[in-house]
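Colleague: Below is the structure I would like to discuss, written out as structure tokens.
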There are 2 protein chains.
Amino acid sequence: MVKLLTSEERTLKLQPLIETGGWALVDGRDAMKKSFVFGDFVQAFAFMTLVALKAEKMDHHPEWFNVYNRVDITLSTHDCQGLSSRDIALAEIINQAASTAK
Amino acid sequence: MVKLLTSEERTLKLQPLIETGGWALVDGRDAMKKSFVFGDFVQAFAFMTLVALKAEKMDHHPEWFNVYNRVDITLSTHDCQGLSSRDIALAEIINQAASTAK
């Protein structure tokens, strides 16, 4: 069973993603979000495809919205109704995918 | 320049998509929306990939949200700030892609 991040994990793993990784906490929900802007739709969807393949492999999927060159992503773990280590791992993969796709 | 659908086009082309195609008008905005549910994320993203390739080819892109097996799509045309013939064409392509992906 996936567990919510502990206080210590939030300090050690979540905080760096917020302070330097471009993620933000979501109001009213234990989740994190980030928006990505690419050059065009092809670049945005190439990024989404990269993330989709990685997400499926780790069996943890994003909530995401796309319009043209913009992709807004929210991460949270359904099974524990909040942020888990899976979200940390996926956020890091997403940041890496974004730097590859740009 | 892309133009808004005329009243006649709305009756002849938009209405069938609403009455039998599963699309609905969006409140407070000249746009249409439809939600699709697939068996899992792989099927949902396969559908999105089909639509992405067609959308890029016609240079008209959806606004869409995905979480796991669900894809919510909104169509409207940025250039004319409302529904145009491009949205009709893309809605028909999307309905066809959904029946292929399922």
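Colleague: So what's the angle, to the nearest 10 degrees on a 0 to 90 scale, between helix A:41-58 and the longest Cα principal axis of chain A?
Modeller: Tilt of helix A:41-58: around 40 degrees.
Colleague: In degrees from 0 to 90, rounded to the nearest 10, what is the angle of the helix B:85-101 Cα long axis to the longest principal axis of chain B?
Modeller: Once rounded, the angle reads 20 degrees.
Colleague: Also, I was wondering about something else. If you wrap chain A's Cα atoms in a convex hull and average its projection over all directions, what's the area in nm²?
Modeller: On the way: hull surface 24.9 nm².
Mean orientational projected area (chain A, Cα hull): 6.2 nm².
Colleague: Now for a different question. Mean-square fluctuation check for chain B, GNM, Cα pairs under 10 Å: which of B:T74, B:T11, B:T20 is largest?
Modeller: Per the Cα network of chain B with a 10 Å cutoff, B:T20 tops the list.
Colleague: If you don't mind, another one. Kindly rank B:56-63, A:61-68 from highest to lowest mean number of other beta carbons found within 10 Å of each residue.
Modeller: Order by mean packing, descending: A:61-68, B:56-63.
Colleague: While we're on this one: Taking a label point 7 Å out from Cα toward Cβ, give me the nm distances from A:L25 to the same spot in the other copies, shortest first, one decimal.
Modeller: Spacings between copies for this position, smallest first, are 4.2 nm.
Colleague: Going Cα to Cα from B:K34, which aspartates and glutamates come in below 15 Å? Please leave out same-chain ones fewer than 8 positions away.
Modeller: Result set, ordered by chain and number: B:E19, B:E63, B:D72, B:D87, B:E92.
Colleague: Compute the Rg to Rh ratio over the protein assembly as shown from the alpha carbon atoms, using the Kirkwood formula for Rh, and round to two decimal places.
Modeller: That ratio is 1.02, to two decimals.
Colleague: I would also like to ask the following. State, in angstrom, two size descriptors of segment A:38-82 derived from its alpha carbons: Rg to one decimal place and Dmax to the nearest whole number.
Modeller: When restricted to Cα atoms, segment A:38-82 yields Rg and Dmax of 11.6, 36 Å.
Colleague: While we're looking at this one, here's another question. Per-residue ellipticity at 222 nm for chain A, helices alone: DSSP H runs ≥ 4 residues times -39500 (n - 2.57), over residue total, nearest 500 deg cm²/dmol?
Modeller: Numbers: 3 runs with 40 residues, N = 102.
-12500 deg cm²/dmol, from helical runs alone.
Colleague: Against the globular-protein guess of 2.2 N^0.38 Å, express the Cα radius of gyration of segment B:1-59 as a ratio, rounded to two decimals.
Modeller: Compactness ratio reported: 1.37.
Colleague: OK, next. Find the centroid of the Cα atoms in segment A:29-49 and in segment B:15-64, then give the distance between the two in whole Å.
Modeller: 18 Å
Colleague: How large a share of the accessible area of chain B, in percent, is made up of carbon and sulfur atoms when the probe is 1.4 Å and the other protein chains stay in place?
Modeller: Details: 2820 of 5410 Å².
Looking at chain B in its full context, I get 52 percent from C and S.
Colleague: Note the distances from A:M58 to each other copy's matching label point, with points 7 Å along the Cα-to-beta-carbon direction, in nm, sorted shortest first.
Modeller: Values, ascending and in nm: 3.5.
Colleague: Shifting gears a bit: Go through segment B:22-33 residue by residue and turn each phi into a ³J(HN,Hα) via Karplus (6.51, -1.76, 1.60, θ = phi - 60°); whole Hz please, and just put x for glycine and proline.
Modeller: In residue order, the calculated couplings are x, 8, 9, 6, 8, 5, x, 7, 7, 8, 10, 9 Hz.
Colleague: Right, next: Could you please point out the chain B residue with its Cβ nearest to the axis of the rotation taking chain B onto chain A, and the distance in whole angstrom?
Modeller: B:F65, 2
The values are calculated or read from the model by the stated rules, or taken from the named source; none is laboratory data. Note that the coordinates shown come from a computational prediction; the quantities given were computed from them, not determined experimentally. Using ideal geometry, Cβ is built from the backbone for each residue, glycine included, and neighbour counts are taken over all protein chains shown. To get the accessible areas, we keep the full protein, side chains included, count just its heavy atoms, and leave off ligands, DNA and RNA. Shrake-Rupley method; radii C 1.70, N 1.55, O 1.52, S 1.80 Å.
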